[in-house]
Amino acid sequence: MSDFVQQAVQLAPSAMPSWLTDHAKSSRDFWSKSTLPTRKTEAWKYTRLRPLETGNYLNAAKPATADASLIQPSLIDGLNVHRLVFIDGQFQQALSDSDMPEGAELVRFADANERQVDSINQHLGSLFDRENHLFSALNDAWLKDGLFLRFKKNTRVEQPVQVISLTTSQEQAFSIAQRLLVLVEEQAEATVIEHFASTNEEQNSFTNSVTELVLEADAKLHHYRLHLEEEQSIHIGGVHAGLGRSAQLNSFQIALGSKLKRLDVVINHQGEGAHCELNGVYLPQREQHVDFHTCIEHAVPNCTTNEVFRGIVSDSAQAVFNGRIHIHPGAQKTSAMLSNKNLLTSNKAEVDTKPELEIYADDVQCAHGATVAQIDEQLLYYFLSRGISRQEAEVMLSFGFINELLNQVHHQEIGDYLRPLLAKRFAADPKMTRHIT
Amino acid sequence: MLSIKDLHAEVQGKEILKGLNLEVNPGEVHAIMGPNGSGKSTLGHVLAGRQGYEATRGKVKFLGDNLFDMDAEERARNGLFLAFQYPVEIPGVSNMEFLKAAVDAVRDARGEPALDSVAFLKLAREACKAVNLDQNFLKRGVNEGFSGGEKKRNELMQLMLLEPSLAILDETDSGLDIDALQVIADGVNSMRSPKRSFVLVTHYQRLLDYIEPDFVHVLARGRIVKSGDKSLALELEKRGYGWLESAA
């Protein structure tokens, strides 16, 4: 047993709601018998876990003071959200909204009533297997609390729910297990924004997050997952979605780089006619690392997937993108498109991209493509020929490359929120970004 | 304005311009005509400073300065403008952002302050109207999904906003219907002034019915082989280029 595995087992909480005990214990047993992936493990070939192993983690941070100024940078202008705030893994009642949006039920696991417990038990952990998602199993083992969001049948909940998870820097490293279970019932429509951020660059937290999205028949969910944590934070996370008949998931994900960021996104088409739009952007710089592993399981016929990920990798950063589409036998009339484009802005930047199609049905439409390129000289020349400096042209072109995806997000306020934040990544000098913000 | 002496230029190691001479004075409109492959577009890109279009011999002075001492962006800031034959599409960068960046860069070079966004929006809307483009085109990605004619009108709009001293139009008329051609011609004619010069690169005499040139030159095999007034264009229309090419 490696040091980290041993440490992780000891980090498991001793107190938890009694109905979670069995679930947590079996995962703890599973975890204690596992070994950490190495470079020989295909799914972890390009992502080292060493940064994780160097930490000596406490299983909880010191209780944070509920300082409203801390979440100021995470507020999205013009968007009237129902806000739930966690700081260093601890729920902040004082900073969170309490009036439930109509048609929604938001409850912490610890406060769940009997009916809610039944519902949580039915869905928790139902969308992933531990063998392939070791760190999701660790999240199980660490379970002491979680958040259950239920959107009731036949209701359209206009107000987005924003879950802010903020980390601060503390004297000793600490770990966080974040768990979110979203249930969108039949013909309901909702918006969920998962917003991860840190207060500064000096981070020593390890966040292990698992989000489960359960979409019943004809349900519709707009899902955003913003990974805006800085430099020194470590995040290993998983999103597992299950789509019922004619359900529709629109998910937009963004990840700035950090010391170690690994994000698994798994979409399971379980009911016929389901549709998924999955768009993502990653922007590691300096020595940072981002790894997106996406997997779309087409288990039934007549489902569609449209997946677009774009990355800009600068300095000595590394990005990994692995996009798998798996079309099961019998999943006829599937339409699945995957595109991954990468822009390298330095000679030392690295991207490892691998689209994977596995098709076991013969009447399907599938396409995938991956490109890695530097800034197009022909486009650059057009800017120069209009008097725009090379440096500003490069910033504008880089920004435009991802702005195409920002322009497509359903809630324009989120695009507007992200633009200036991302523009800053391309140039410290505001003169270089003044025309794009 | 522009003085080209014995210009030789290469693209990918192949010599395209082979001793070209041209004098353009302030306020003049010059038309350069010539068969395919004679070097017309190359001339535009060599003057605008495109990478890979290399002058190997000769001298070009622009407003008294040595043109080849300047980078592409400096040439533009000093008042040289090339309307592209094939403008590129830049999704993700809005036309508005692009235009403002260009106008600010040029104004900055002239020592003028940057326009605030309200003032600029007003200017850009007027320019849209002048080239008969809907204002929605300001919000769209640069040239993204524009038709051929819309791209050409977008080039003309840039010309109007940047107010260059010398505008080179590289086959801005090709692929246009009569109505669009009229819009382009009206735009160019409205920009004519004693201080501004134009070089119109074109295949067809048609454009010159709308924009009357002071001089017409025939470019063949990398050199100006004949110069004259606008009647030369009419003669070319009748006789083709063959009689001049054999003389070249």
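The values are calculated or read from the model by the stated rules, or taken from the named source; none is laboratory data. Since this is a predicted model, take the numbers as computed values, not measurements. Here Cβ is always computed from backbone atoms with ideal geometry, including for glycine, and neighbour counts include all displayed protein chains.
Before moving on, here are some points about what is shown:
Residues are listed down the side, and each one gets a yes or a no for (1) assigned to a loop (DSSP other than H, G, I, E, B); (2) closer than 30 Å to B:PHE146 by Cα; (3) modelled with pLDDT of 90 or more:
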{"site": "B:LEU176", "(1), (2), (3)": "yes, yes, no"}
{"site": "B:ALA180", "(1), (2), (3)": "no, yes, no"}
{"site": "B:VAL183", "(1), (2), (3)": "no, yes, yes"}
{"site": "B:ASP186", "(1), (2), (3)": "no, yes, yes"}
{"site": "B:SER197", "(1), (2), (3)": "no, yes, yes"}
{"site": "B:VAL216", "(1), (2), (3)": "no, no, yes"}
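- Within the range B:205-239, the only residue that satisfies the criterion of being among the polar types (S, T, N, Q) and crowded, with 18+ Cβ neighbours inside 10 Å is B:GLN205.
Residues checked against (1) outside the structural domain of A:VAL281 (by TED's automatic domain parsing); (2) among the basic types (Lys, Arg):
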{"site": "A:ILE325", "(1), (2)": "no, no"}
{"site": "A:SER339", "(1), (2)": "no, no"}
{"site": "A:LEU344", "(1), (2)": "no, no"}
{"site": "A:LYS348", "(1), (2)": "no, yes"}
{"site": "A:VAL395", "(1), (2)": "yes, no"}
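- Failed item, numbered, when B:VAL46 is tested on (1) free of Cβ contacts under 8 Å to residues at least 40 places away in the same chain; (2) part of a loop (DSSP other than H, G, I, E, B): (2)
- Residues that are more than 25 Å from A:HIS411 (Cβ to Cβ), in contact with an Asp or Glu (Cβ under 9 Å, 6 or more places away or on another chain) and touching a residue at least 40 places away in the same chain (Cβ under 8 Å) do not occur anywhere in the range A:241-257.
- Within the range B:1-42, the set of residues being in a strand (DSSP E or B) and among the β-branched types (Val, Ile, Thr) comprises B:ILE4, B:VAL11, B:ILE16, B:VAL24, B:VAL29, B:ILE32.
- Check on A:THR334, out of contact with any Leu (no Cβ under 8 Å at 6 or more places or on another chain) and surrounded by 23 or more Cβ atoms within 10 Å (Cβ to Cβ): yes
- Just one of the listed residues (A:ALA43, A:ALA112, A:ALA60) is surrounded by fewer than 19 Cβ atoms within 10 Å (Cβ to Cβ) and over 20 Å from the mean Cα position of the chain (by Cα), namely A:ALA60.
- Exactly one residue out of B:GLU73, B:GLU126, B:GLU54 is in contact with an Asp or Glu (Cβ under 7 Å, 6 or more places away or on another chain), among the acidic types (Asp, Glu) and either in a helix (DSSP H, G or I) or more than 8 Å from every other protein chain (Cβ to nearest Cβ) (or both), and it is B:GLU54.
- Those residues of the range A:1-39 which are of a type in the set (Gly, Ala, Ser), surrounded by 16 or more Cβ atoms within 10 Å (Cβ to Cβ) and farther than 18 Å from A:LEU49 by Cβ, in sequence order: A:ALA12, A:ALA24, A:SER27
- If you filter the range B:89-103 down to residues that are more than 18 Å from B:MET191 (Cβ to Cβ) and more than 7 Å from chain A (Cβ to nearest Cβ), you find that the one that is surrounded by the most Cβ atoms within 10 Å (Cβ to Cβ) is B:PHE98.
- One residue stands out among those in the range B:35-60 that are within 19 Å of the chain's Cα centre (by Cα) and either among the acidic types (Asp, Glu) or more than 21 Å from B:PHE81 (Cβ to Cβ) (or both): the one that is modelled with the highest pLDDT, which is B:GLU54.
- Elements of type helices (runs of 4 or more DSSP H) contained in the range A:12-72, each with 3 or more residues being charged (D, E, K, R) and out of contact with any Lys or Arg (no Cβ under 8 Å at 6 or more places or on another chain): A:21-32
- Across the range A:408-426, the qualifying residues are those that are within 13 Å of chain B (Cβ to nearest Cβ) and surrounded by 16 or more Cβ atoms within 10 Å (Cβ to Cβ), and the one among them that is nearest to A:SER198 (Cα to Cα) is A:LEU422.
- Number of positions in the range A:27-58 that are of a type in the set (Ser, Thr, Tyr) and in contact (Cβ under 8 Å) with a residue 40 or more places away in the chain: 5
- Taken as a whole, the condition of being surrounded by fewer than 16 Cβ atoms within 10 Å (Cβ to Cβ), touching a Gly at 6+ places or on another chain (Cβ under 9 Å) and within 9 Å of chain A (Cβ to nearest Cβ) applies to B:ALA109.
- Some residue of the range A:169-184 being under 20 Å from the mean Cα position of the chain (by Cα) and acidic (Asp, Glu): no
- In the range A:70-92, the residues that are in contact (Cβ under 8 Å) with a residue 24 or more places away in the chain and over 20 Å from the mean Cα position of the chain (by Cα): A:LEU70, A:ASP77, A:GLY78, A:LEU79, A:ASN80, A:GLN92
- Picking from residues in the range B:218-239 that are of a type in the set (Lys, Arg) and within 20 Å of the chain's Cα centre (by Cα), the one that is farthest from B:GLU10 (Cα to Cα) is B:LYS230.
- Enumeration of residues in the range B:76-88 that are more than 9 Å from every other protein chain (Cβ to nearest Cβ) and closer than 27 Å to A:GLU404 by Cα: B:ALA83, B:GLN85, B:TYR86
- Count of the range A:366-401 residues which are more than 7 Å from chain B (Cβ to nearest Cβ), part of a helix (DSSP H, G or I) and either β-branched (Val, Ile, Thr) or touching an Asp or Glu at 6+ places or on another chain (Cβ under 6 Å) (or both): 1
- Residue match in the range A:344-365 (condition: within 13 Å of another protein chain (Cβ to nearest Cβ), more than 29 Å from A:VAL266 (Cα to Cα) and in contact with a strand residue (DSSP E or B) (Cβ under 9 Å, 6 or more places away or on another chain)): no
- The strands (runs of 3 or more DSSP E) found wholly in the range A:264-334 and carrying at least 2 residues that are under 21 Å from the mean Cα position of the chain (by Cα) and under 21 Å from A:VAL182 (Cβ atoms) occupy A:275-283, A:289-298, A:304-313.
Conditions (1) crowded, with 19+ Cβ neighbours inside 10 Å; (2) among the hydrophobic types (A, V, I, L, M, F, W, C), marked per residue:
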residue	(1), (2)
A:LYS152	no, no
A:GLU158	no, no
A:ILE164	yes, yes
A:GLN172	no, no
A:ALA177	yes, yes
A:VAL182	yes, yes
A:ALA188	yes, yes
A:VAL192	yes, yes
A:THR199	yes, no
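- Matching residues in the range B:57-70 - criterion: being in contact (Cβ under 8 Å) with a residue 40 or more places away in the chain and in a loop (DSSP other than H, G, I, E, B): B:LEU63
- For A:TYR382, the stated conditions do not hold, so it cannot be described as in the same structural domain as A:ILE296 (by TED's automatic domain parsing) and among the aromatic types (Phe, Trp, Tyr).
- Residues (crowded, with 17+ Cβ neighbours inside 10 Å and either of a type in the set (D, E, K, R) or farther than 22 Å from A:LYS261 by Cα (or both)) located in the range A:315-324: A:ARG324
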